[in-house]
Amino acid sequence: MILAANFKANKTRQETQAYMAVVESFVSANAIEDTIITFPPFTALEHTSRNVLIGVQNGYPVQNGAFTGEIALEQLEEFGIKTILIGHSERRHILGETQEQIAAKYRFFADQGFAIVYCVGEPLSVRQQGEEVLLSYIDAQFEGIDLSYLDLIIAYEPVWAIGTGLTPTNEQIEAVHSALRRKTTAPLLYGGSVKVNNAGEIMALTNVDGVLVGSAALSASDFCEMIAQAAELKK
Ligand code: PGA
């Protein structure tokens, strides 16, 4: 299982340190073998960890250069970062990243050997048009994406489920995940309103290899509880 916590624009560096201390000691005390990843904000990247992977929520696909407000490879390397989130719906829909930009970012960080957590997912208006439309919408989010890249993890995150408390039914999650499984052997995470009270059930579904958690993972103890649920599944 893979459990990832996406902090988004939450937590200071100090809060992140306290959080990481809790999660790291939980992982070692319980001899957790699942893969645990956190995506803190850039300002908290001073932290290094032995048993929790630290990734970034974004990166600009250049070594360095004149890109005001961006963080490039050189700055990530300074912190030993080798894991990145690409294609998150907030970057697609709020920050306006196009599929072309996302694919360029993907190619660049794949060439650099980064582990990539690549997010796809449909808005509600697409979901309402039925499964065929939904799957072709998701297909388009794979344009320019090399699905045979070995260090790839895919996260299916319906836009309407992110931060809303709404989740698809288990059948709806399994339907999309089995379609994804036909395309790729990459691990498949589900994301969108995963909480302590539904994480275990979601992780137990066929073709679900883990979860990407936003708001509910802001509590270190809740995230640890989800890690414990994954360990119990022994999937
Ligand atoms: P959420 O966010 O858990 O708050 O719905 C998930 C995500 O955006 O990755």
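The values are calculated or read from the model by the stated rules, or taken from the named source; none is laboratory data. Worth saying up front: this structure is predicted, and the values here are computed from it rather than measured. Because the Cβ atoms are built from the backbone with ideal geometry, glycine has one as well, and the counts that use them run over all protein chains shown.
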Those residues that are over 30 Å from L124 (Cβ atoms), surrounded by 14 or more Cβ atoms within 10 Å (Cβ to Cβ) and not β-branched (V, I, T), I need them from segment 63-106; list them, please. E70, A72, L73, Q75, L76, F79, K82
Determine if segment 166-176 includes at least one residue that is near the ligand (Cβ under 10 Å from one of its atoms), surrounded by fewer than 17 Cβ atoms within 10 Å (Cβ to Cβ) and within 27 Å of N10 (Cβ to Cβ). yes
Looking for whichever is under 19 Å from W160 (Cβ atoms), surrounded by 14 or more Cβ atoms within 10 Å (Cβ to Cβ) and aliphatic (A, V, I, L, M) here; the options are V56, V126, V52, V117. Which one fits? V126
Among the residues of segment 80-111, count how many are closer than 26 Å to S49 by Cα and either at pLDDT below 95 or in contact with a strand residue (DSSP E or B) (Cβ under 9 Å, 6 or more places away or on another chain) (or both). 13
Across segment 143-179, what is the number of residues that are more than 17 Å from N197 (Cβ to Cβ) and either outside any helix (DSSP H, G or I) or in contact with a strand residue (DSSP E or B) (Cβ under 6 Å, 6 or more places away or on another chain) (or both)? 19
Note on I32: of the conditions (1) part of a loop (DSSP other than H, G, I, E, B); (2) within 16 Å of the ligand (Cβ to nearest atom); (3) over 24 Å from F142 (Cα atoms); (4) not charged (D, E, K, R), unmet is (2)
Checked segment 40-64 for anything touching a residue at least 40 places away in the same chain (Cβ under 8 Å) and within 17 Å of V22 (Cβ to Cβ); matches are L53
Going through segment 65-99 one residue at a time, which ones are more than 13 Å from the ligand (Cβ to nearest atom) and in contact (Cβ under 8 Å) with a residue 40 or more places away in the chain? T83, Q99
Please tell me if D139 is under 22 Å from T38 (Cβ atoms), surrounded by fewer than 19 Cβ atoms within 10 Å (Cβ to Cβ) and either within 15 Å of the ligand (Cβ to nearest atom) or modelled with pLDDT of 95 or more (or both). no
Can you spot a residue in segment 160-172 that is touching a residue at least 60 places away in the same chain (Cβ under 8 Å), under 29 Å from A18 (Cα atoms) and in contact with a helix residue (DSSP H, G or I) (Cβ under 9 Å, 6 or more places away or on another chain)? yes
Would you be able to say whether some residue in segment 224-234 is within 16 Å of the ligand (Cβ to nearest atom) and either among the polar types (S, T, N, Q) or at pLDDT below 95 (or both)? yes
Restricting segment 180-225 to residues that are polar (S, T, N, Q), assigned to a helix (DSSP H, G or I) and more than 21 Å from N30 (Cα to Cα), the one farthest from the chain's Cα centre (by Cα) turns out to be N198
Hey, any hits in segment 69-79 for a residue that's within 19 Å of the chain's Cα centre (by Cα), in a helix (DSSP H, G or I) and modelled with pLDDT of 95 or more? yes
Quick one: is A175 modelled with pLDDT of 95 or more and out of contact with any Asp or Glu (no Cβ under 7 Å at 6 or more places or on another chain)? no
